[in-house]
Amino acid sequence: MCCVGGVGSCSDTGKSGACGTMLEEETDQTYENVLAEIQSFELPIEATLRSVYDDQPNAHKKFMEKLDACIRNHDKEIEKMCNFHHQGFVDAITELLKVRTDAEKLKVQVTDTNRRFQDAGKEVIVHTEDIIRCRIQQRNITTVVEKLQLCLPVLEMYSKLKEQMSAKRYYSALKTMEQLENVYFPWVSQYRFCQLMIENLPKLREDIKEISMSDLKDFLESIRKHSDKIGETAMKQAQHQKTFSVSLQKQNKMKFGKNMYINHDRIPEERNETVLKHSLEEEDENEEEVLTVQDLVDFSPVYRCLHIYSVLGDEETFENYYRKQRKKQARLVLQPQSNMHETVDGYRRYFTQIVGFFVVEDHILHVTQGLVTRAYTDELWNMALSKIIAVLRAHSSYCTDPDLVLELKNLIVIFADTLQGYGFPVNRLFDLLFEIRDQYNETLLKKWAGVFRDIFEEDNYSPIPIVNEEEYKIVISKFPFQDPDLEKQSFPKKFPMSQSVPHIYIQVKEFIYASLKFSESLHRSSTEIDDMLRKSTNLLLTRTLSSCLLNLIRKPHIGLTELVQIIINTTHLEQACKYLEDFITNITNISQETVHTTRLYGLSTFKDARHAAEGEIYTKLNQKIDEFVQLADYDWTMSEPDGRASGYLMDLINFLRSIFQVFTHLPGKVAQTACMSACQHLSTSLMQMLLDSELKQISMGAVQQFNLDVIQCELFASSEPVPGFQGDTLQLAFIDLRQLLDLFMVWDWSTYLADYGQPASKYLRVNPNTALTLLEKMKDTSKKNNIFAQFRKNDRDKQKLIETVVKQLRSLVNGMSQHT
């Protein structure tokens, strides 16, 4: 057992010793690797050392021991190497000591040789330095000459620039600046004076811009002040050109034998040719004196400024400034004076300023490229045209003088023709002229209304007396009157119309001439002018003359005689309308047979006036009858009639006879109507007199007296005061009175009551109400007159009869009322 155990123990001990030997060998190998790494310097030493200290305890001590052993080995190797090479080192030192003496000798020789060489080259050095200095100077001189040759053109150009600035040749100065910057300055850009020049050029450019802009402002102010003169010149040129063209046209028309009317008379062709030749000569002289817009305005500031800004590359700024300023000036030019409408000079100044403005713009458009464009001028013109039309429409409405309106029209035509010649559209202006034409016609109508009123005021409303042939021809020359019977009569004789007729006819022709003046130069055809003349003449006849006639007819102081003469006058004026149509045809050369030719409305105009005069005759005649009737002074309680007609009625009948004698000059129907109207009105007035509510009672004697007056009226009617009535037509005007009076005179109440409502009744025209009213008035009278006669049987019977009839009439009236 012990042996076994001993063997086992020994075996374990052997194993542990072998294990310890193996561990030590591994540790030594590790330290050798660390030392190799430290010597190689390839790995970081910190990591290597850290591996040493981190392996085992007491590793530091073991490592240091290993490191000391390594150091000792290296020292031994160094010592071996030094011992091996020591003999060679000693031999080398010995050789150097031998060479030292030869080296010192060589140094002395070299020093001596160098001293002698230096002494020998001093003079050469001096001459060489002189040569070098001369060559440097020569090179510098050459360089300076070359640089000066480069600088001289720059200086010359800059001097030229200064001269151009002093001479105000700014466009040339800018071109010079461009040459300096693009050509000359790059040559000498390294010099300071060039930099100063370069820095000065922008300032010079700004100075040029300011100076040119100042010149432009002066130019704009100048053309603003002189725009009216420019416009006046342009309008004169346009007017002269148009007048010349019109004169040639007239001359050509005369060659073809066409008629001309000047100053309302026909002028012989020879005289026309003389007048036209003289006018053409005057126009030629005037054309030579007329200046052009270029003569009146110096446009060089605009050209210069445009060129300057173009060169400076700031053309857009200049264009915007120019257009902005011109638009401001346009607004100022288009603003009229408040009293412009008072005189033609106000309109003329307004037009000339506008024309001057656009003439300048048109010139700028054609002589410059891009400063103003056609689109810009069209936009500006459209804006201006709208403003012009609004201004003219507003101010022309204040014009009440046709001469001023006509002058305004002529100015507008010249204004439009002038601007049309410069390419501006003016159709809207001619459309405006048609509006102004209507206003012109209105002012003419107002003026001629005053003329007609004056003619009517001065007329004596009696036929024109003629004592000799000369007076007869004078009237015929003024008014187209044709009457063979009057021509056959011997002097003295009378025209049927009064003095106002030829005067009115002449004034109508004058109106046509005045209306024609406005139609001239409107670029309208003869047909349109003919239509305008006829329409305006129709307005004169239908409105103005008709209104004046109606006002005249209604005037209180116009009596029956005057009204009769007015009717006669209107008849002759109506007949003269065809001559007025011929007159217009001669002016316009448009035949009346043309389909669209407007006819004159004289027929309806004078017919209406006649009807109004006839109505006024009827009214005044009735008023005169009323005046006579108001003079009636009946004694409604008289017991017996006077036996003769009342005085007022006889005077009235005599008046009517004299008036109806005057009516013999009137058309038959007018006189008959007036006579019938007078008789009917007289009958109505007499009937109203009987039935007057203020008349409370009436006696039989008064009825008999009234009957005598009615008999006179019937006698007057039967005497045929106006011829043309058939049978008893005129007497029928008094039929109501006659039947009523017959009923009361005969006292045939039984027949009346029995036949009432029958077509064949004897008293068909007697109304029950009328009979009742009159009977009640007679009943009251009978009661008062028979207070003391009531004991007489006849009177009592009559009173009872009246009461009975009154009751029956009331019953009849009540029955009629219920039936109604």
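Values computed for the structure shown
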| quantity | calculated |
| --- | --- |
| Subset of 762/807; 494/578; 478/578; 229/387; 242/578 violating a 26 Å alpha-carbon distance limit | 242/578 |
| Longest to shortest principal axis, alpha-carbon extents of region 131-240, angstrom | 92, 26, 20 |
| Subset of 162/324; 236/535; 209/328 violating a 27 Å alpha-carbon distance limit | 162/324; 236/535 |
| Amide H contacts of residue 399 (H built 1.01 Å from N, under 5 Å, at least 5 apart or other chain) | none |
| Those lysines that a straight Cα-Cα span of less than 22 Å connects to residue 669, excepting residues fewer than 8 apart in one chain | 607, 620, 624 |
| Within region 760-777: backbone nitrogen closer than 18 Å to the residue 811 label point (7 Å, Cα to C-beta) | 768-769, 771-773, 776 |
| Length added when fully stretched, residue 376-residue 100, from 0.36 nm per residue minus Cα-Cα | 88.6 nm |
| Percent carbon-and-sulfur accessible area, region 667-771, ignoring ligands, DNA and RNA, probe 1.4 Å | 50 percent |
| Cα pair distances in region 446-614, grouped into 10 Å bins until the bin that holds the longest one, percent each | 10, 37, 33, 17, 4, 0 |
| Listed residues 572, 60 arranged by accessible area, highest first, probe 1.4 Å | 60, 572 |
| Full-extension gain in nm, residue 167 to residue 482, via 0.36 nm per residue minus C-alpha separation | 104.6 nm |
| Sequence of 700, 650 from largest to smallest accessible area, 1.4 Å probe | 650, 700 |
| Gained length - residue 332 relative to residue 214, 0.36 nm times residue gap less alpha-carbon distance | 40.4 nm |
| Whole-Hz ³J(HN,Hα) from phi, Karplus 6.51 cos²θ - 1.76 cosθ + 1.60, for region 629-642, glycine and proline x | 5, 5, 7, 5, 9, 7, 9, 6, 10, 5, 8, 10, x, 6 |
| Region 644-742: trypsin sites (Lys or Arg not before Pro) in DSSP coil with no more than 13 other Cβ atoms inside 10 Å | 644, 696 |
| Inter-centroid distance (Cα atoms) of region 532-594 relative to region 643-664, Å | 35 Å |
| Candidate lysines for bridging to residue 66, where Cα separation is under 22 Å - those fewer than 8 sequence places away on the same chain excluded | 76, 80 |
| Separation in nanometres of the label points that stand 7 Å from Cα toward Cβ, at residue 86 and residue 138 | 7.3 nm |
| Simple label model, 7 Å out from Cα along Cβ direction - residue 691 to residue 454, nm | 5.3 nm |
| Long-range amide H partners of residue 464 with built H, under 5 Å | 495, 497 |
| Accessible-area value, residue 549, 1.4 Å probe, nucleic acids and ligands omitted, Å² | 10 Å² |
| Pair residue 155, residue 712: separation of 7 Å Cα→Cβ label points (nm) | 13.9 nm |
| Hz values of 3J(HN,Hα) by residue in region 513-524 - Karplus curve (6.51, -1.76, 1.60), Gly and Pro given as x | 4, 5, 5, 5, 4, 6, 6, 5, 6, 8, 6, 10 |
| For region 446-614: relative contact order, % (alpha-carbon pairs under 8 angstrom, 6 or more apart) | 29 percent |
| GluC sites (Glu not before Pro) restricted to region 72-116 and DSSP loop, no more than 12 other C-beta within 10 Å | none |
| HN-Hα J in Hz across region 318-328 - Karplus 6.51, -1.76, 1.60, θ = phi - 60°, x for Gly and Pro | 5, 4, 4, 5, 4, 5, 4, 5, 5, 5, 4 |
| Theoretical FRET efficiency, 1/(1+(r/R0)^6), r = Cβ-Cβ of residue 345 and residue 221, R0 25 Å, to 0.05 | 0.60 |
| Nearest-0.05 FRET efficiency for residue 728 and residue 579, computed from C-beta distance (R0 35 Å) | 0.20 |
| Neighbour-limited loop hits for chymotrypsin sites (Phe, Trp or Tyr not before Pro), region 388-432 (at most 16 other Cβ within 10 Å; DSSP other than H, G, I, E, B) | 398 |
| Total charge dipole magnitude, region 665-817, about the Cα centre, Cβ charges on Lys, Arg, Asp, Glu only, Debye to nearest 20 | 640 debye |
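The values are calculated or read from the model by the stated rules, or taken from the named source; none is laboratory data. Since this is a predicted model, take the numbers as computed values, not measurements. All Cβ positions, even for glycine, are placed from backbone atoms using ideal geometry, and neighbour counts span all protein chains on display. Calculation scope for accessible area: heavy atoms of the full protein, side chains included, ligands and nucleic acids excluded. Shrake-Rupley method; radii C 1.70, N 1.55, O 1.52, S 1.80 Å.
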